[in-house]
1. Which of the residues spanning segment 37-72 are in contact (Cβ under 8 Å) with a residue 40 or more places away in the chain and not in a loop (DSSP other than H, G, I, E, B)?
2. Can you tell me which residue is nearest to residue 94 (Cα to Cα) among those in segment 46-77 that are polar (S, T, N, Q) and surrounded by 11 or more Cβ atoms within 10 Å (Cβ to Cβ)?
3. Kindly indicate the residue of segment 10-27 that is within 15 Å of residue 85 (Cα to Cα), outside any loop (DSSP other than H, G, I, E, B) and out of contact with any Asp or Glu (no Cβ under 7 Å at 6 or more places or on another chain) and also modelled with the lowest pLDDT among those meeting that condition.
4. Does residue 75 count as among the aliphatic types (A, V, I, L, M), in contact with a Phe, Trp or Tyr (Cβ under 6 Å, 6 or more places away or on another chain) and in contact (Cβ under 8 Å) with a residue 40 or more places away in the chain?
5. Please determine, by comparing only the residues of segment 95-115 that are under 13 Å from the mean Cα position of the chain (by Cα) and modelled with pLDDT of 90 or more, which one is nearest to residue 38 (Cα to Cα).
6. Given the structure, is residue 80 within 15 Å of the chain's Cα centre (by Cα) and either part of a loop (DSSP other than H, G, I, E, B) or surrounded by 13 or more Cβ atoms within 10 Å (Cβ to Cβ) (or both)?
Amino acid sequence: MEQRNIIEWSEHSEYRELTIPSGEIWMSESELVDLFGVFIPKLRNTIQTLYKEELVKPYETERTIKQSRNLYLTVYNMELVLLLAFRLNSYQARAVRKELMVRIERDHKPFEVIFTNVGRKQFQ
């Protein structure tokens, strides 16, 4: 059985905190249901919609891992988790979106885009 990183809610006496570990994220359906506070059919339908709309491909975002001798588990990567966070409409999904945006804004480093003209024609 291989080690996986998952995003989860840490329960404290007065509040809940979202824990996002470093490293690759791979989460099962039951872990995603707990994270986003939705039921399995809603989660599955949303994942199928993302595949149908070709926002992601199954071969890019999911894999099957062996848990025990005859038990296999389908897990989904961080790209799909991010898409689900912005696609699902639940209190917990909104909290995940908010926390992700806070972390992106906090860790954002400015960058510059430089255009160069190496041909004969000028930019129009």
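1. Quick first cut of segment 37-72, residues in contact (Cβ under 8 Å) with a residue 40 or more places away in the chain only: 37-38, 42-43, 46, 65-68.
Within segment 37-72, 42, 43, 46, 65, 66 meet the criteria.
2. In the first step, residues of segment 46-77 are kept if they are polar (S, T, N, Q); the result is 46, 48-49, 61, 64, 67-68, 70, 74, 77.
This time we only want the ones that are surrounded by 11 or more Cβ atoms within 10 Å (Cβ to Cβ), so: 46, 48-49, 61, 67, 74, 77.
Numbers: 46: 16, 48: 21, 49: 19, 61: 22, 67: 31, 74: 25, 77: 19 Å.
The extreme case among them is 46.
3. Among those that are within 15 Å of residue 85 (Cα to Cα), outside any loop (DSSP other than H, G, I, E, B) and out of contact with any Asp or Glu (no Cβ under 7 Å at 6 or more places or on another chain), it is 25.
4. Numbers: among the aliphatic types (A, V, I, L, M): yes; in contact with a Phe, Trp or Tyr (Cβ under 6 Å, 6 or more places away or on another chain): yes; in contact (Cβ under 8 Å) with a residue 40 or more places away in the chain: yes.
Answer is yes for this residue.
5. Taking segment 95-115 as the starting set, the residues that turn out to be under 13 Å from the mean Cα position of the chain (by Cα) are 96-97, 99-101.
The next check asks that each one be modelled with pLDDT of 90 or more; those that pass are 96-97.
Working: 96: 13, 97: 15 Å.
My answer is 96.
6. Numbers: within 15 Å of the chain's Cα centre (by Cα): yes; either part of a loop (DSSP other than H, G, I, E, B) or surrounded by 13 or more Cβ atoms within 10 Å (Cβ to Cβ) (or both): yes.
For residue 80, the condition - within 15 Å of the chain's Cα centre (by Cα) and either part of a loop (DSSP other than H, G, I, E, B) or surrounded by 13 or more Cβ atoms within 10 Å (Cβ to Cβ) (or both) - is met.
The values are calculated or read from the model by the stated rules, or taken from the named source; none is laboratory data. Predicted model only: the values in this text are computed from it and were never measured. Cβ: placed from backbone, ideal geometry, glycine included. Neighbour counts: every protein chain shown.
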